[in-house]
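Read the structure below first, then the notes.
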Amino acid sequence: MRFIERVFKGISFHWRDHLLTFGTAILFTLLGLFFQTNLMLENMASNSFSRRIDTFSNANVPAANSATTAVTHAHQVLQHVYSSGFWVTIFAFALMTGLIAWKQTRDRRDELAAYTIAGNHTADIASQNAIESLINFFAGFSVTSLVTMLQAGFFANLVSRFNREHFMSALTNTTGLHLTTLKAQLSQLFVHRVTDFNVHSLIFGRGAADYLLDSLGGYSLIFAFGCVLTLIIHYFSTYMAVNKLSRDL
C-alpha cells in the first residue's frame, strides 16, 4: 500500500519530468499509428493487386507486364519505407525515454539517496520509478488513442490520401511514365475479359470509389513496444543510479 502511495506522490511531485514522458508517448503513438496504418494500406493494396493480376495469368502483353512490374516494385519500396519508419520511430522513442530516465535519476538523486538510507531495496526503488513512468506513458497513449478513435474518419481519410499520393509518386518515379500511360498499358489486360474490378481498382487495390479505412491501425503493437521500453529503460536506469549511490554513501 505504501508502495502505491509513493508512486502517486512521485507522479504528483515530479510532474514536470513526467510531463516529458506524457508528451513523448503522444508523439510516439501518433508516429507509430501513421507508419503502421500506411504499412497496412500498402500490404492490403499489394496483396489485392497480386491476387487480381493472377486472374490474368494467361495474358502475355509486354506493355502490361512492364506496368505490372512497376506497380509491384512501387508497393515494395513503400512497404520498406513505412516499415523502416516505424523501426526508426521505436529507436527514437527508446533514445528519448533513455534521456528522460537519465534526467529523472539526476534530478531525484537526493530522493533516491533518502530511500536507500531508509533501507528500501534497490529493486523497489527502481520499480517505483518505472511504474510512475509507465502510468504516464499509458496516460499519453490513452489520450492519443481516444482522440484518434473518436475522430477515426478524419485521421483515416488523412492517412489514406497521403498513402495514395505517395504511391502515385513512387509509381511514376519508378517508371518515368505518367499514371495515365500506366493505366492505358494495364487496360490491355481487360480486352475481351469480364472482371469485377477496373484498371483504377487494380492499381490502387481498392474499389472504384476508393474505400476508406474505418480507423487507424497498429494500436496494440505500439502499446506493447511503448510499455516494454518504458518499463525496462526506467527500471534499469534507476537501478544503476541507486547502486552507484549505495557505493558512494
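Out of Ala152, Ala92, one residue alone is out of contact with any Lys or Arg (no Cβ under 8 Å at 6 or more places or on another chain) and under 20 Å from Leu231 (Cβ atoms). It is Ala92.
Would you confirm whether or not the stretch 154-162 contains a residue that is farther than 24 Å from Ile203 by Cβ and at pLDDT below 90? Among the residues of the stretch 154-162, at least one is farther than 24 Å from Ile203 by Cβ and at pLDDT below 90, which makes the answer yes. Scanning the stretch 101-124 turns up at least one residue that is basic (Lys, Arg) and modelled with pLDDT of 85 or more.
So, in the stretch 221-240, exactly how many residues are at pLDDT below 95 and of a type in the set (Gly, Ala, Ser)? Counting residues in the stretch 221-240 that are at pLDDT below 95 and of a type in the set (Gly, Ala, Ser) gives 1.
Kindly indicate whether Thr105 is buried (at least 17 other Cβ atoms within 10 Å of the Cβ) and farther than 17 Å from His234 by Cα. Taking the combined requirement at face value, the residue does not satisfy it.
All of Gly205, Gly218 fail the test of being modelled with pLDDT of 80 or more, at positive phi, within 29 Å of the chain's Cα centre (by Cα) and surrounded by 16 or more Cβ atoms within 10 Å (Cβ to Cβ), apart from Gly218. Only one of the numbered conditions (1) more than 25 Å from Ile11 (Cβ to Cβ); (2) surrounded by fewer than 22 Cβ atoms within 10 Å (Cβ to Cβ) is violated by Leu95, and that is (1). Report yes if Arg109 is touching a residue at least 40 places away in the same chain (Cβ under 8 Å), of a type in the set (Lys, Arg) and either within 17 Å of Ser46 (Cβ to Cβ) or touching a His at 6+ places or on another chain (Cβ under 9 Å) (or both), otherwise no. Answer is no for this residue.
Criterion applied to Ser66, Ser57, Ser83, Ser48 was being out of contact with any strand residue (DSSP E or B) (no Cβ under 9 Å at 6 or more places or on another chain), modelled with pLDDT under 80, among the small types (Gly, Ala, Ser) and under 30 Å from Thr144 (Cβ atoms), and the one residue passing it is Ser48.
The values are calculated or read from the model by the stated rules, or taken from the named source; none is laboratory data. Everything numeric in this text was worked out from a predicted model, so none of it was measured. Cβ sites come from the backbone with ideal geometry, for glycine too, and all protein chains shown count toward neighbours.
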